[in-house]
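The values are calculated or read from the model by the stated rules, or taken from the named source; none is laboratory data. Bear in mind the structure is a predicted one, so any value in this text is a computation, not a measurement. Positions of Cβ are generated from backbone atoms using ideal geometry, with glycine treated the same way; all protein chains shown enter the neighbour counts. SASA here: full protein model, heavy atoms, side chains in, ligands and nucleic acids out. Shrake-Rupley method; radii C 1.70, N 1.55, O 1.52, S 1.80 Å.
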Amino acid sequence: MLERTVVIVKPDGVRRRLIGEVIRRIENKDLKITRLRMIYPSVECIERLYDVHKGKPFYEDLVRFMASGPIVAMVVEGDEAVKVVRNLIGSTDGREASPGTIRGDYALSVRENIVHAADSVERAEYEIKIVFSDTCGTY
C-alpha cells in the first residue's frame, strides 16, 4: 500500500554531516523523497512535533536539543513507507539498535539518534503539516 511518511535528520545528524547517508539509505530502499527542506526550527514547532511526549521526563531536553541547530525534513513515499522507514532507522536507543540500521550504525544515545520518523500514517500526516509549515522555522 502506497504511503507517505516524514523523516527528519536531527541536529546531531546534520552536525555530523550524515544528511547524504540518510538520503542514500532511503533511496536505496526504493523509497521516493518528494519534499525536502533544511530549517532552523523554532521551539514552538518542536513542541508541536513532540506533543505526544509532553509531560514526560525527557520532553524539555528533547525540545531543547531539536531546536539547537538545523534539521533536514523530508517526505518519503513508497509501499508501506512507515514500516519500511522504521525498520531502516532502527530502535530509538542507538546503543540497542541493530547494526545495519541508521541508528545502529551512527547513533550515540537515545536523544542523539540521528533521525526521527513517524510511527503511523496518521502521525506522519500530522508531522508533515508541522515541519513543512511556513511558521516552523527559518532557512
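Of all residue pairs spaced 6 or more apart or on separate chains, those with beta-carbon atoms under 6 Å, a first member in segment 5-33 that is within 18 Å of CYS136 (Cβ to Cβ) and a second member that is assigned to a helix (DSSP H, G or I) and not hydrophobic (A, V, I, L, M, F, W, C) are VAL6/GLU127.
Within segment 38-74, the set of residues being within 12 Å of GLY137 (Cβ to Cβ), assigned to a loop (DSSP other than H, G, I, E, B) and free of Cβ contacts under 8 Å to residues at least 40 places away in the same chain comprises just one member, ALA67. Within segment 92-127, the set of residues being within 29 Å of GLU44 (Cβ to Cβ), among the small types (Gly, Ala, Ser) and without any contact (Cβ under 8 Å) to a residue 60 or more places away in the chain comprises GLY94, ALA107, SER109, SER120.
Once segment 17-37 is narrowed to residues that are more than 21 Å from ASP93 (Cβ to Cβ) and assigned to a loop (DSSP other than H, G, I, E, B), the residue that is least open to solvent (accessible area, probe 1.4 Å) is LEU31. Can you tell me which residues in segment 106-131 are within 15 Å of LYS10 (Cα to Cα) and either of a type in the set (Phe, Trp, Tyr) or open to solvent by 50 Å² or more (accessible area, probe 1.4 Å) (or both)? If the condition is that a residue be within 15 Å of LYS10 (Cα to Cα) and either of a type in the set (Phe, Trp, Tyr) or open to solvent by 50 Å² or more (accessible area, probe 1.4 Å) (or both), then TYR106, LEU108, VAL110, ARG111 are the ones that fit. Number of residues in segment 48-71 that are under 20 Å from ARG123 (Cβ atoms) and open to solvent by 70 Å² or more (accessible area, probe 1.4 Å): the value is 6. Within segment 90-105, the residues that satisfy the criterion of being buried (at least 16 other Cβ atoms within 10 Å of the Cβ) and either in contact with a Ser or Thr (Cβ under 6 Å, 6 or more places away or on another chain) or not in a helix (DSSP H, G or I) (or both) are GLY90, SER91, GLY94, ALA97, THR101, GLY104.
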